[in-house]
Amino acid sequence: MTAYTISLEPVIHLTDEQFYQLCRANPDVKFERNAKRELLIMPPTGGETGNRNFEIGIDFGIWNRQTQLGKLFDSSTCFKLPNGANRSPDVAWIAIDTVPGALRDRWNSLSREQQRKFPPIAPDFVLELLSPTDSLKEIQAKMQEYLENGVRLGWLIDRDNRTVEIYRIDRPVETLTEPKQLFGEDVLPEFVLEMQEVW
């Protein structure tokens with residue numbers, strides 16, 4: 001199954017609120033929207049990919065509970081990026097700071113309504129796990145879009161080829177073949193993903 005792209009413009013212009021209501025009215029369909037405001041209908045993941053996503057999420061959840069450094073989000077969370085796109089990475093994380101007005105207090109500066117709907121914020125970290133039905137070029141373009149919108153660190157994991165592409169701001173993409181571990185660097189302090197759980 002592949003993702004379908006539907007262009008509604010110029011027939012209808014979906015506002016952010018209408019897009020949100022469309023998603024709410026169709027909870028069994030996963031929608032994204034690109035910067036051109038085209039509607040993307042995403043296929044569900046298969047069992048193997050869903051299992052790996054869950055296992056990866058557990059590692060992030062344990063680390064985040066121990067460090068209390070941010071907010072963690074699963075693949076059902078849709079973020080409104082600065083370029084107007086609505087994206088749902090497989091794993092997303094936003095740094096928080098308990099000091100009011102601090103530089104990293106982006107999440108807490110959102111209104112309750114913004115936090116409850118599709119948060120208008122780019123995560124600090126995103127992870128995409130390539131599924132057998134995904135187009136590598138399309139996911140690579142999505143990773144670049146994340147960086148252009150303020151994501152500080154991104155991992156694109158390709159289980160079939162046992163490679164990981166690491167995306168960082170103002171640096172070329174780094175490709176690792178069969179890494180044993182991935183490190184969160186300065187974005188996810190002390191986080192280590194053991195790759196034997198992923199492969």
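Details
- When the Cα positions of Leu130, Gln68, Gly184 are compared along the charge dipole of the chain, Gln68 comes out farthest toward the positive end, with charges on each C-beta of Lys, Arg, Asp and Glu.
- 222 nm mean residue ellipticity, helices alone, for the chain (DSSP H n ≥ 4; -39,500 (n - 2.57); rounded to 500): -7500 deg cm²/dmol
- Here the dipole of region 46-197 is about 600 debye; that uses its Cα centre as origin and unit charges on the Cβ of Lys and Arg (positive) and Asp and Glu (negative).
- Taking a straight line from the alpha carbon of Lys30, these lysines sit under 21 Å away, with near neighbours fewer than eight places off in the same chain left out: Lys80, Lys117, Lys137, Lys142.
- What the phi angles of region 4-13 give under the Karplus curve with 6.51, -1.76 and 1.60, with θ = phi - 60°, is a coupling list of 10, 10, 10, 9, 8, 6, x, 5, 9, 10 Hz, glycine and proline written as x.
- Over the chain, volume per residue of the alpha carbon convex hull, in Å³: 126 Å³
- Counted over region 82-185, the DSSP beta bridges are approximately 70% antiparallel.
- Net length available on complete extension from Lys180 to Asp74 is 35.8 nm, with 0.36 nm assigned per residue and the Cα-Cα distance removed.
- Paramagnetic reach from Val11 (point 7 Å along Cα→Cβ, amide N under 13 Å) across region 41-57: none
- For region 168-184, 3J(HN,Hα) per residue [Karplus equation, 6.51 cos²θ - 1.76 cosθ + 1.60, θ = phi - 60°, Hz, x = Gly/Pro]: 9, 5, 6, 9, x, 5, 9, 10, 10, 9, 6, x, 7, 9, 10, 10, x
- GNM remark for the chain: springs join alpha carbons under 10 Å apart, and the peak mean-square fluctuation among Arg37, Arg116, Arg65 falls on Arg116.
- Gain upon complete extension [Asp160, Glu55; 0.36 nm per residue less C-alpha separation]: 36.1 nm
- Ranked by the mean number of other Cβ atoms within 10 Å of their residues, highest first, the peptides 23-29, 53-59 fall in the order 53-59, 23-29.
- Tyr4/Trp199 FRET efficiency (R0 41 Å; Cβ-Cβ; nearest 0.05): 0.85
- Calculated FRET efficiency for the pair Lys137/Asp170, C-beta based, R₀ 22 Å, to 0.05: 0.50
Just so you know, all these numbers are worked out from the coordinates, no wet-lab data involved. Only a predicted model underlies this, so the values are computations on that prediction, with no experimental measurement involved. All Cβ positions, glycine included, derive from the backbone under ideal geometry; neighbour counts span all protein chains shown.
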